[in-house]
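Reading through the structure tokens given below for one structure.
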Amino acid sequence: MTSIAIIGAGPQLGLAIARTFGAHDFDVALISRNRAKLDELVSQLTAEGITAAAFPADVLDRDALTQALKDAAARFGGIDVLEYSPVGSFGSTALTTPTGTDPSHVQHEMEFQLYGAIAATQAVLPAMRETSAGTLLYTTGAGSIDPVPEVGNVNAAAAALRNWAINLHKELAGTGIQAAHVGIDVSIGTAVIESALPVAPPEAISPVYWELHTTHRDQAERVFSI
């Protein structure tokens, strides 16, 4: 039995990743704040013959996130793949340019992106070390690589997560555990207001995660663009 825990299980990319891994007989643990939305996604996956379960938790609540991952591991007999891509909302995230950024603007994003990723990793990595196997995948927008002034605070935190994920890949080299960063240089599914990014369907992006888990385990980073 193999399983993937998807943190930030959105209706687009998270669902596509779940379907990609589910098609290879993975059980799917979905983790995000909204229980109702999680239940809808679980129903969709179940109807498609994929075993899935919801574990509500806010990534800003480190204890709740850790418990959700423990519960998922108990339900599915372990977690073989962790995918971390929490998505904020325009209502909860203040977007600031570099000159308009206060430390507090970056702090929230650091809590959301980097610190949540670290907490999630700490929850699953010890078991992976015991078996010398596992995959840890972390997603950001391509602004972590080539930042955009309009979202300077978000890009700064994303760059921190990218740096940490690539460094984790280096540390875990030779252990049997893969860690990698995925940078997405497109709008997923629909165009973002005032964005010049091209649009790609989530189904076109999700195979990247499967490849990092299977045939591209030596790579620390993949950037999806069209």
Checklist line | Close pairs (6 angstrom Cβ cut-off, 6 or more residues apart or separate chains): closer than 15 Å to Ala204 by Cα in region 18-29, assigned to a loop (DSSP other than H, G, I, E, B) anywhere | finding: Thr20/Ser206
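Residue by residue through region 66-98, note down the ones that are in contact (Cβ under 8 Å) with a residue 12 or more places away in the chain and of a type in the set (Ser, Thr, Tyr).
Thr66, Tyr84, Ser85, Thr93, Thr96, Thr97
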Next item on the list: Mind listing whichever residues of region 22-39 are of a type in the set (A, V, I, L, M, F, W, C), in contact with a strand residue (DSSP E or B) (Cβ under 8 Å, 6 or more places away or on another chain) and outside any helix (DSSP H, G or I)?
Entry: Phe26, Val28, Ala29, Leu30, Ile31
Margin query: Please go through region 61-90 and give me each residue that is at pLDDT below 95, open to solvent by less than 70 Å² (accessible area, probe 1.4 Å) and under 14 Å from the mean Cα position of the chain (by Cα), ordered by number.
Written below: Ser85, Pro86, Gly88
Checklist line | Test: Gln113 is within 30 Å of Met1 (Cα to Cα) and surrounded by fewer than 18 Cβ atoms within 10 Å (Cβ to Cβ) | finding: no
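This table checks each residue for (1) in contact with a Leu (Cβ under 9 Å, 6 or more places away or on another chain); (2) closer than 15 Å to Asp218 by Cβ; (3) of a type in the set (Phe, Trp, Tyr).
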position	(1), (2), (3)
Gly143	no, no, no
Gly152	yes, no, no
Asn155	no, no, no
Ala158	yes, no, no
Asn167	no, no, no
Ala173	no, yes, no
Ile184	yes, no, no
Notebook entry, point to check: Going through region 196-210 one residue at a time, which ones are surrounded by 13 or more Cβ atoms within 10 Å (Cβ to Cβ) and of a type outside the set (Val, Ile, Thr)?
Noted result: Leu197, Ala200, Pro201, Pro202, Glu203, Ala204, Ser206, Pro207, Tyr209, Trp210
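Run down Thr190, Thr140, Thr131 and say which single residue is β-branched (Val, Ile, Thr) and within 23 Å of Thr2 (Cβ to Cβ).
Of Thr190, Thr140, Thr131, the one residue that is β-branched (Val, Ile, Thr) and within 23 Å of Thr2 (Cβ to Cβ) is Thr131.
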Notebook entry, point to check: Do we have Ser144 as crowded, with 20+ Cβ neighbours inside 10 Å and closer than 16 Å to Gly14 by Cβ here?
Noted result: no
Item checked: Tally of residues being part of a helix (DSSP H, G or I) and crowded, with 20+ Cβ neighbours inside 10 Å across region 1-21 -> 8
Check: Filtering region 97-128 down to residues that are in a helix (DSSP H, G or I) and under 19 Å from Val148 (Cβ atoms), which residue is nearest to the chain's Cα centre (by Cα)?
Finding: Gln113
Next item on the list: Just one of (1) within 25 Å of Thr66 (Cα to Cα); (2) open to solvent by less than 40 Å² (accessible area, probe 1.4 Å) trips up Ser187, so point out which.
Entry: (1)
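The values are calculated or read from the model by the stated rules, or taken from the named source; none is laboratory data. What you see is a predicted model, and the numbers here were worked out from it, not measured in a lab. Quick reminder, even Gly has a Cβ in these numbers, built from the backbone with ideal geometry, and neighbours come from all protein chains shown. SASA here: full protein model, heavy atoms, side chains in, ligands and nucleic acids out. Shrake-Rupley method; radii C 1.70, N 1.55, O 1.52, S 1.80 Å.
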